[in-house]
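As structure tokens, the structure follows; a few thoughts come after it.
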Amino acid sequence: MTPDQIQLVQTSFAKVVPIADEAAAIFYGRLFEIAPEVTPLFKSDLSEQGRKLMTTLGVVVNGLTNLEAILPAARALAVKHVDYGVKAGHYAPVGEALIWTLEKGLGDAFTEETKTAWVEAYTALSGVMIEAAYTGSTEAAE
């Protein structure tokens, strides 16, 4: 990612922080709509899960300027998610729901340039996570 793209992601996420609970609810609503097969993976309170999601996103977004520092935690999280039943194929609808949520939550502030930056950030991070969790596994193709 370029420094400008990192800045776009960080600036746009700062606008999401004040509406974090609402954004999380929008995200999960959209995720369950486009990938209903993931719904059973969420056994705990969705409000709490939403807070965890937004906290994790905050750490990642703030860490984009030093990606190498956050990658070990991202890899560990990916491996942990395998135990919850997450498959490599679930990362695509999660990314789609994230981008959709940002579009809805930020409106006109979510420009094409900002969207491109978010897609690049998510693609890079999810690629690292998928590799960490599924390399050498038959799950990677699912």
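Here are the numbers:
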{"item": "Members of segment 42-61 that are loosely packed, with under 14 Cβ neighbours inside 10 Å and touching a residue at least 24 places away in the same chain (Cβ under 8 Å)", "result": "47"}
{"item": "Segment 1-22, residues that are hydroxyl-bearing (Ser, Thr, Tyr) and not in a helix (DSSP H, G or I)", "result": "2"}
{"item": "Checklist (1) open to solvent by 40 Å² or more (accessible area, probe 1.4 Å); (2) over 19 Å from residue 27 (Cα atoms); (3) in contact (Cβ under 8 Å) with a residue 40 or more places away in the chain applied to residue 64, failing item", "result": "(1)"}
{"item": "Residue list for segment 71-121, filter: without any contact (Cβ under 8 Å) to a residue 40 or more places away in the chain and open to solvent by less than 50 Å² (accessible area, probe 1.4 Å)", "result": "91, 95, 99, 107"}
{"item": "Those residues of segment 5-41 which are exposed (fewer than 14 other Cβ atoms within 10 Å of the Cβ) and either hydroxyl-bearing (Ser, Thr, Tyr) or touching a Ser or Thr at 6+ places or on another chain (Cβ under 8 Å) (or both), in sequence order", "result": "11, 21, 39"}
{"item": "Complete set of residues in segment 23-47 that are assigned to a loop (DSSP other than H, G, I, E, B) and farther than 16 Å from residue 95 by Cβ", "result": "42, 43, 44, 45"}
{"item": "Close pairs from segment 1-14: first in contact (Cβ under 8 Å) with a residue 12 or more places away in the chain and under 14 Å from residue 110 (Cα atoms), partner among the acidic types (Asp, Glu) and in a helix (DSSP H, G or I), Cβ under 9 Å, at least 6 apart", "result": "5/113; 5/120; 8/113; 9/120"}
{"item": "Hey, residue 124 open to solvent by 20 Å² or more (accessible area, probe 1.4 Å), small (Gly, Ala, Ser), under 12 Å from the mean Cα position of the chain (by Cα) and at pLDDT 95 or above or not", "result": "no"}
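The values are calculated or read from the model by the stated rules, or taken from the named source; none is laboratory data. Just so it is clear, the model here is predicted, and its values are computed rather than measured. Methodologically, a virtual Cβ is constructed for each residue, glycine included, from the backbone with ideal geometry; neighbour enumeration extends over all protein chains shown. These area figures cover heavy atoms from the full protein model, side chains too; ligands, DNA and RNA do not enter into them. Shrake-Rupley method; radii C 1.70, N 1.55, O 1.52, S 1.80 Å.
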